[in-house]
Amino acid sequence: MPILPILTFPDPVLSRPCRQVREVTDELRRLAADMTETMYQAPGIGLAAPQVGHDLRLVVVDLSPREEGREPVALVNPRIVEAEGSLIFEEGCLSVPEFTCDVSRFSRVKVEATDLEGRPMTVEGEGVLAVCLQHELDHLEGRLFLDRISPLKRALYKKRRLKQAKQDKQDKP
């Protein structure tokens, strides 16, 4: 069971842009640690604060192979400063259960952020890391990967998800 509950579509928190982090505090570091543990237990390779109900520009990512140990990175107020190339990647999302779809993304990105000590940092990523960074930063803008796919595929998923939510409500005593 994840430490923090992960919000799922169509929760309205997921469609709102997040606010800037004004100061790196112990509370923010605790949130990042809890998000990291939640991401590992889910399991996932990235998690953004709005996915766990926090309106903050904070993401955690870790693409290291599990058998080689963990190398989480927390990014505070991240922003893409360079992007180039393109690729199509089959994405999934902890907030969009039971659905994957091909999404067009930049193949290389450079992200500037602040670390959990309040120092500036830069992360450059290609391939899967570039996709993961873009995916997580989209969450901070109130976007899901569903917003980047065809309207038909998005509508089919939304219909299926809403039907499931209705069924879940009927099944509860």
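The values are calculated or read from the model by the stated rules, or taken from the named source; none is laboratory data. From a predicted model like this one, the values you see are computed outputs, not experimental measurements. Heads up, the Cβs are rebuilt from the backbone with ideal geometry, glycines too, and the neighbour counts pull from every protein chain shown.
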Failed condition for GLU37, given (1) over 23 Å from ARG154 (Cα atoms); (2) of a type outside the set (S, T, N, Q); (3) touching a strand residue (DSSP E or B) at 6+ places or on another chain (Cβ under 6 Å): (3)
Which residues, taken from segment 117-148, are among the aliphatic types (A, V, I, L, M), surrounded by fewer than 19 Cβ atoms within 10 Å (Cβ to Cβ) and not in a helix (DSSP H, G or I)? MET121, VAL123
Lone qualifier among GLU67, GLU71, GLU82, GLU91 - being among the charged types (D, E, K, R), closer than 24 Å to GLU37 by Cα and in a strand (DSSP E or B): GLU91
Pair list, Cβ under 9 Å, 6 or more apart: segment 66-77 residue without any contact (Cβ under 8 Å) to a residue 24 or more places away in the chain, other residue polar (S, T, N, Q): GLU71/SER64
Filter segment 150-159 for residues that are in a helix (DSSP H, G or I) and without any contact (Cβ under 8 Å) to a residue 12 or more places away in the chain; the one that is nearest to the chain's Cα centre (by Cα) is ARG154
Quick one: would you say PRO50 is assigned to a strand (DSSP E or B), in contact (Cβ under 8 Å) with a residue 12 or more places away in the chain and buried (at least 19 other Cβ atoms within 10 Å of the Cβ)? no
Given THR25, THR8, which one is free of Cβ contacts under 8 Å to residues at least 12 places away in the same chain, surrounded by fewer than 19 Cβ atoms within 10 Å (Cβ to Cβ) and among the polar types (S, T, N, Q)? THR25
How many residues are touching a Lys or Arg at 6+ places or on another chain (Cβ under 8 Å), in a loop (DSSP other than H, G, I, E, B) and either more than 21 Å from GLN20 (Cα to Cα) or not aliphatic (A, V, I, L, M) (or both) if we restrict to segment 102-116? 0
Out of the residues in segment 160-173 that are of a type in the set (Lys, Arg) and in a helix (DSSP H, G or I), which is surrounded by the most Cβ atoms within 10 Å (Cβ to Cβ)? ARG161
Examine segment 63-75 for a residue that is modelled with pLDDT of 95 or more, polar (S, T, N, Q) and either over 17 Å from GLU117 (Cβ atoms) or touching a Cys at 6+ places or on another chain (Cβ under 9 Å) (or both), and state whether such a residue exists. no
